[in-house]
Amino acid sequence: MSQIELNGQHVVIVIFAMGECPACENYLPRFLAEVEALRQQGYPFVVYEPGVPLAPNAIPVIVYDAASQNVDVQQFADKYQVTATPTTLVLSRGTGSFKAEGSLANNQIAWILMMASEAQK
């Protein structure tokens, strides 16, 4: 995660997942589909792409490979004690952080996204 690119964001959602992980392969498409459905309804979610500027009110959704050899990714995972995949983090400057481990049900995904949207206000 580039601190410079994300410094202006109030809320960030981070998902740690791994390839060849059945739970991740089930979870990520459902999570990203819900993000897209809410984005089309006017919610400020955006799937983060490095180098693409973010609007100040955007809520980026960042997916990291938990098996990455990147030291920064591993230090970030260690900071939030990520020990299982998938793990979803909601990080907010105002309300702190929330962590959920495992492949969540669709209603739990919706709840996490609504929580992030409320924290953005």
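Computed from the coordinates by the stated procedures, all read-outs in this text should not be read as laboratory data. All of these numbers come straight from a predicted model, not from anything done at the bench. A quick note on method: Cβ atoms are made from the backbone with ideal geometry, for glycine too, and the neighbour counts reach across all protein chains shown.
Tabulated data for the structure shown
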| item | result |
| --- | --- |
| Odd one out for M114, checked against (1) within 17 Å of R30 (Cα to Cα); (2) touching a residue at least 60 places away in the same chain (Cβ under 8 Å); (3) not in a strand (DSSP E or B) | (2) |
| Tally of residues being small (G, A, S) and at positive phi across region 64-115 | 2 |
| Number of the exception - A67 against (1) within 18 Å of L91 (Cα to Cα); (2) surrounded by 14 or more Cβ atoms within 10 Å (Cβ to Cβ) | (1) |
| Output for region 88-111, where each listed residue is part of a strand (DSSP E or B) and either charged (D, E, K, R) or free of Cβ contacts under 8 Å to residues at least 24 places away in the same chain (or both) | G96, S97, F98, K99, A100, E101 |
| Spans of helices (runs of 4 or more DSSP H) in region 1-87 with at least 3 residues touching a residue at least 24 places away in the same chain (Cβ under 8 Å) and farther than 24 Å from E118 by Cα | 22-40, 71-79 |
| Flag if E118 is at positive phi and charged (D, E, K, R) | no |
